[in-house]
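Some notes on the structure that comes next.
The values are calculated or read from the model by the stated rules, or taken from the named source; none is laboratory data. Everything numeric here is computed off the predicted structure, so don't read it as measured data. Counting neighbours? That spans all protein chains shown, and the Cβs are built from the backbone with ideal geometry, glycine included. Just so you know, the surface numbers come from the protein's heavy atoms only, side chains and all, with ligands and any DNA or RNA stripped out. Shrake-Rupley method; radii C 1.70, N 1.55, O 1.52, S 1.80 Å.
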Amino acid sequence: MQFTTSKRRQTPVVIIISLIDVLIVVLIFLMVTTTFKQQAAVQLALPESNQTNKAGASENMLTVTIPKQGPLYLRRDPITLEKLQAAFQAAAKANPNTVVDVRADTDAGVGQLFKVKDAAEQAGIKSVVVETVSGQARAATGKGP
């Protein structure tokens, strides 16, 4: 004797489109609320200066970073002094108005600064500027005061 009839269970229906909508809304929310902050490759304590001079145009500027310890950096890539000299020569050949922007740590050796300056002069770059705390640049060579 069979007192209960067995009913087949239907599989639950999952509406996948509404789940996708929720996922897209969450993704958009995360993309909008997240800030993308660019951090420097090397943490520096830039020197302070009261004398400031406006730097040249940024499109023909090479940024060299001199940390307290470790290698030199051209833009964000570590580089040796020999390769830096070759990069300076290539940039000077491509654009004679190239400017070298030096970001040196306050505890970095002065010798490193002069090696970079000499490499730029040997490559034919006439303008080398040193970045300071105020965000301005002070002329190290060239026609600046």
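Couple of notes before you dig in:
- For Lys115, the accessible surface of its heavy atoms amounts to roughly 100 Å² (probe 1.4 Å, protein chains only, rounded to the nearest 10).
- Using heavy atoms of the protein chains and a probe of 1.4 Å, the accessible area assigned to Val128 is about 0 Å².
- Only protein heavy atoms count here; on that basis, with a 1.4 Å probe, Glu82 has an accessible area of about 130 Å².
- A 1.4 Å probe over all protein chains sorts Phe88, Phe29, Phe36, Phe114 by accessible area into Phe36, Phe29, Phe114, Phe88, starting with the largest.
- In this rough spin-label picture, where each label sits 7 Å from Cα along the Cβ direction, the Lys115-Val25 distance is 5.9 nm.
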